[in-house]
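Participant: Can you keep this structure in mind? I'll have questions shortly.
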Ligand code: DP6
């Protein structure tokens, strides 16, 4: 390698979907939450961010490209992550530990990041994005150990994307945020029968971003205060138990109740915030009717700061439920592939089931379904051909 060619690392990181939601901060700058939360890490075969970080003494300044477009590196949260990583790198050196060959502490970095899913789909891309950024920067500067406290300062939910499987973000109680971190509850291999369906409702952009939405909720919603203080602590315990025991009915019921309470706090916010739309409400109705028809909880929904539903379901019921979704949300005929990701067997619906659900089909309400499962945490790509930056440290074409 010529002496001046940049040192480069490429990593990938997953999306996570909370089943006990984070909503509200007690410290805006450090991103410290008012309650703990718990999420499921989705598989990177279907949803991931890929990030390359290059460092070189010849770079004049730090730069970043996101999904093909250069963005402002001075974004405060980006700066927090860069500052924290460099601080840890300096500390390692002053503790006498060696750094990475060819990477100087004063070297600037070029960062290039892409998602393998459309940003417009309204999926939580900031969590995977900041997790990937922090994980990759840490590799470049040779930092090991607890990194979720740094990812948290990029975007709160990003700390949970630092691990695979089932992950809790412990809110912590210190003022400096050192104890507000993510921990794996169970690895991705723990519950292989669990499947996830992302029902992508529409490409419309979310009306209120989560950062400003939760600020208004903290200021105005009494329900949010009650939720954080009196509901979530016990719910976290119950949820962890349900995950450990692979008790789907309890897991599913808690997931739906928590999503509903989160959206209730949005309505209790003043002025109110609406993330659910007519499609989301049809999904909610459909899931409850479906479960009622079968006399047990087979399917759970959850919604974040947008109208897309994320469905948790056991593998044995996926085929029938996907057919139910197809029936009640007839897809656009020329709209591309309706079912993406892990294959799903075809199924035939009984008239009895259709009638029991009893809803009016809503055509084109759902654009497509991403079928996926629980997945692993961030990882390094060893193959140099996967770098998103070329030898000069600039994005390769199409990145
Ligand atoms: C509804 O992590 O996007 O998805 O910390 O301000 O970046 P910031 O917010 P963000 O909030 C996510 C909120 C949520 C629930 C969750 O993922 O727990």
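Each reported figure results from applying straightforward, stated rules to the coordinates on display, with no laboratory input. This one's a predicted model, so the numbers in the text were calculated from it and none came from an experiment. All Cβ positions, even for glycine, are placed from backbone atoms using ideal geometry, and neighbour counts span all protein chains on display.
Participant: What do the square roots of 5 times the Cα gyration tensor eigenvalues come to for segment 172-244, in whole Å, largest first, as semi-axes of the equivalent ellipsoid?
Facilitator: Numbers: eigenvalues 135, 107, 40 Å².
Equivalent-ellipsoid dimensions as semi-axes: 26, 23, 14 Å.
Participant: How long are the semi-axes of the ellipsoid equivalent to segment 203-285, from square roots of 5 times the Cα gyration tensor eigenvalues, in whole Å, largest first? If you can, show how the numbers build up before the last one.
Facilitator: Values: eigenvalues 122, 65, 20 Å².
In descending order the semi-axes read 25, 18, 10 Å.
Participant: Using Cα springs under 10 Å in a Gaussian network model of the chain, which residue among 113, 36, 56 shows the largest mean-square fluctuation?
Facilitator: Maximum fluctuation in the GNM of the chain, among the listed residues, is at 56.
Participant: How big is the Kirkwood radius of segment 63-164, worked out from every pair of different alpha carbons and given in Å to one decimal?
Facilitator: 14.2
Participant: Considering Cα pairs under 8 angstrom that are at least six residues apart, work out the relative contact order of the chain and quote it in whole percent.
Facilitator: Details: 843 pairs, mean separation 94.4, N = 399.
Result for the chain is 24 percent.
Participant: Report the full-extension gain for the segment residue 274 to residue 57: residue separation times 0.36 nm, less the Cα-Cα distance, to one decimal in nm. List each step's numbers first, then the result.
Facilitator: Values: separation 217, 0.36 × 217 = 78.12 nm, distance 4.84 nm.
Length gained between residue 274 and residue 57: 73.3 nm.
Participant: Hey, what's the per residue convex hull volume over the C-alpha atoms of the chain, in cubic angstrom? List each step's numbers first, then the result.
Facilitator: Numbers: hull volume 57.4 nm³, N = 399.
Spread over its residues, the Cα hull of the chain gives 144 Å³ apiece.
Participant: Under Stokes-Einstein, with the Kirkwood radius over Cα pairs standing in for Rh, what whole-number D in µm²/s applies to segment 132-183 at 25 °C and 0.890 mPa s? Can you show the working numbers first?
Facilitator: On the way: Rh = 11.2 Å.
This corresponds to a translational diffusion coefficient of 219 µm²/s.
Participant: Let me ask something additional. Based on the alpha carbons, how large is the Rg to Rh ratio for segment 45-110 when Rh follows Kirkwood? Walk me through the numbers on the way to the answer.
Facilitator: Values: Rg = 13.7 Å, Rh = 13.6 Å.
Reported Rg/Rh, Kirkwood definition of Rh: 1.01.
Participant: Give the distance, in whole Å, between the Cα centre of segment 300-315 and the Cα centre of segment 250-271.
Facilitator: 12
Participant: Defining a contact as two alpha carbons under 8 Å apart and six or more residues distant in sequence, what relative contact order in percent does segment 194-373 show?
Facilitator: Numbers: 260 pairs, mean separation 61.9, N = 180.
About 34 percent, as a whole number.
Participant: Here is a further query. Return the calculated 222 nm mean residue ellipticity for the chain, to the nearest 500 deg cm²/dmol, obtained by summing -39500 (n - 2.57) across DSSP H runs with n ≥ 4 and dividing by the residue count.
Facilitator: Working: 10 runs with 129 residues, N = 399.
Theoretical 222 nm ellipticity from helices: -10000 deg cm²/dmol.
Participant: Please pull out the direction-averaged projected area of segment 1-108, using the convex hull of its alpha-carbon atoms, in nm² to one decimal place. If you can, show how the numbers build up before the last one.
Facilitator: Numbers: hull surface 39.0 nm².
The directionally averaged projection comes out at 9.7 nm².
Participant: Springs between alpha-carbon atoms under 10 Å, Gaussian network over the chain: tell me which of 363, 217, 55 tops the mean-square fluctuations.
Facilitator: Of 363, 217, 55, the Gaussian network model singles out 363 as fluctuating most.
Participant: If each residue of separation counts as 0.36 nm, what is the full-extension length gain between residue 105 and residue 333 once their alpha-carbon separation is subtracted? Before the final figure, lay out the partial values.
Facilitator: Working: separation 228, 0.36 × 228 = 82.08 nm, distance 5.50 nm.
That works out to 76.6 nm of additional length.
Participant: Between residue 174 and residue 351, what's the calculated FRET efficiency when r is the beta-carbon distance and R0 is 56 Å? Round to 0.05. Show your work: numbers first, answer last.
Facilitator: Details: r = 59 Å, r/R0 = 1.06.
For residue 174 and residue 351, the calculated efficiency is 0.40.
Participant: Between the alpha-carbon centers of segment 97-173 and segment 47-75, tell me the distance in whole angstrom.
Facilitator: Each part reduced to its Cα centre gives a spacing of 13 Å.
Participant: Residue 74 to residue 314: FRET efficiency via 1/(1 + (r/R0)^6), r the Cβ-Cβ distance, R0 45 Å, to the nearest 0.05?
Facilitator: Details: r = 46 Å, r/R0 = 1.03.
Efficiency, from the Cβ-Cβ distance: 0.45.
Participant: Quick one: plug the Kirkwood hydrodynamic radius of segment 194-373 (C-alpha pairs) into Stokes-Einstein at 20 °C, 1.002 mPa s, and report D in µm²/s. Working shown, then result.
Facilitator: Working: Rh = 17.3 Å.
Rounded to a whole number, D works out at 124 µm²/s.
Participant: By how many nm would the segment from residue 222 to residue 267 grow when fully extended, if each residue of separation counts as 0.36 nm and the alpha-carbon distance is taken off? Walk me through the intermediate numbers first.
Facilitator: Working: separation 45, 0.36 × 45 = 16.20 nm, distance 1.13 nm.
Full extension from residue 222 to residue 267 adds 15.1 nm.
Participant: Cut-off 10 angstrom, C-alpha nodes, Gaussian network model of the chain. Which of 186, 229, 84 fluctuates the most?
Facilitator: Highest fluctuation among the options: 229.
Participant: Here's something else I'd like to know. Any idea how far apart residue 241 and residue 385 come out in nm if each label point goes 7 Å out from Cα toward Cβ?
Facilitator: A separation of 5.2 nm, rounded to one decimal place.
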